[in-house]
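Asks: First, the structure itself, so that you have it in front of you.
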């Protein structure tokens, strides 16, 4: 038998590339907290349960707790189901975010600000580039996030960052290229989550303090998935032929309409309208986004 043709070789390479990407996605879908994450804070307050299917973080008066992903990612579509602290959670913050290392770090934040029983949770988002943030937005959640698990997602690709709740986009931060708007696109990040006390600012600007009689406070996690470019030894698992649909995705008109509806009904803070905090003018993206 003769050597395979160049076309046949190309087909084999294409199939192998697809298999490699499928394998990466399959591993991400079949999540196991034991394999995907390290508990890095809390002295036993974080626990992995049910053979790796569930992870819980707890906070008491002495300490909070946290975990981080074993992998670093340079772009990805990250999903996590979270059930937030029930009851009187005032003063507590459950954070869920991507962050790079170093003093000039990049970061993409979800933070869930606890509240008194019966009051809505506040969801706080922010984007840091090269250590510079000040891009906060806040809105109320339109459901009880303590009664059941809900999916919180970050889509991060070279064009955009989209924050979503149960597949409904609540915020977009776009890469505007040469318009003077910095965008996180070169530093790999790990996924982190922490549960901690922030009663100096979290609930009504720090007016409502943590009621430690309610401790321990507990948040629960399940169903992590990451369709992502894993960063290993200075290079990405995504080659030129391994770029899935999310890598070039942008928000369509339907997504824009859903996002604007959420912002119109539930947004309570936007850095692009805070004249007291930014008396000299807003960030350049405020005039574009």
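The values are calculated or read from the model by the stated rules, or taken from the named source; none is laboratory data. Note that this is a predicted model, so its numbers are computed, not measured. Heads up, the Cβs are rebuilt from the backbone with ideal geometry, glycines too, and the neighbour counts pull from every protein chain shown.
Asks: Quick check on this structure: which one of 95, 65 is in contact with a strand residue (DSSP E or B) (Cβ under 7 Å, 6 or more places away or on another chain) and closer than 14 Å to residue 218 by Cβ? Walk me through it before giving the result.
Replies: On the way: 95 fails: closer than 14 Å to residue 218 by Cβ.
Being in contact with a strand residue (DSSP E or B) (Cβ under 7 Å, 6 or more places away or on another chain) and closer than 14 Å to residue 218 by Cβ holds for just one of 95, 65, which is 65.
Asks: If you don't mind, there's one more thing I want to ask. Give just the number: which of (1) modelled with pLDDT of 95 or more; (2) closer than 27 Å to residue 278 by Cβ does residue 115 not satisfy?
Replies: Tallying (1) modelled with pLDDT of 95 or more; (2) closer than 27 Å to residue 278 by Cβ, residue 115 fails exactly one: (1).
Asks: Among the residues of region 249-267, how many are farther than 17 Å from residue 161 by Cα and over 20 Å from the mean Cα position of the chain (by Cα)?
Replies: 3
Asks: Just give me the residues in region 269-283 being touching a strand residue (DSSP E or B) at 6+ places or on another chain (Cβ under 6 Å) and loosely packed, with under 15 Cβ neighbours inside 10 Å, in sequence order. I'd like the intermediate steps shown before the answer.
Replies: First pass over region 269-283, keeping only residues touching a strand residue (DSSP E or B) at 6+ places or on another chain (Cβ under 6 Å): 269-270.
Passing the criteria: only 269.
Asks: If residue 134 meets every condition in (1) over 19 Å from residue 261 (Cβ atoms); (2) surrounded by 20 or more Cβ atoms within 10 Å (Cβ to Cβ); (3) touching a helix residue (DSSP H, G or I) at 6+ places or on another chain (Cβ under 8 Å) apart from one, which number is that one?
Replies: Single failed check for residue 134: (2).
Asks: Which of (1) over 24 Å from residue 81 (Cα atoms); (2) in contact (Cβ under 8 Å) with a residue 24 or more places away in the chain does residue 207 not meet, given it meets every other one?
Replies: Answer for residue 207: the failing condition is (2).
Asks: Still on this structure: For region 59-115: of the residues being touching a helix residue (DSSP H, G or I) at 6+ places or on another chain (Cβ under 7 Å) and crowded, with 19+ Cβ neighbours inside 10 Å, which is nearest to residue 151 (Cα to Cα)? Break it down into steps so the answer makes sense when it comes.
Replies: Here is the first cut: in region 59-115, the residues touching a helix residue (DSSP H, G or I) at 6+ places or on another chain (Cβ under 7 Å) are 61, 69-70, 75, 77, 87-88.
Now restrict to residues that are crowded, with 19+ Cβ neighbours inside 10 Å: 69, 75, 77, 88.
Details: 69: 18, 75: 19, 77: 12, 88: 22 Å.
Per the criteria, the residue is 77.
Asks: Limited to region 130-149, what total is found for residues that are modelled with pLDDT of 95 or more and under 30 Å from residue 186 (Cα atoms)?
Replies: Within region 130-149, residues that are modelled with pLDDT of 95 or more and under 30 Å from residue 186 (Cα atoms) number 5.
Asks: Considering only region 163-184, how many residues are under 15 Å from the mean Cα position of the chain (by Cα) and touching a residue at least 40 places away in the same chain (Cβ under 8 Å)? Step through it out loud before you land on a result.
Replies: As a first pass, look at region 163-184 and keep what is under 15 Å from the mean Cα position of the chain (by Cα): 163-173, 184.
Subset that is touching a residue at least 40 places away in the same chain (Cβ under 8 Å): 163, 165, 168-173, 184.
Of the residues in that region, 9 qualify.
Asks: Residues that are within 15 Å of the chain's Cα centre (by Cα), farther than 30 Å from residue 208 by Cβ and modelled with pLDDT of 95 or more, at least 3 per element: which strands (runs of 3 or more DSSP E) completely within region 14-95 meet that?
Replies: Ranges flagged: 72-83.
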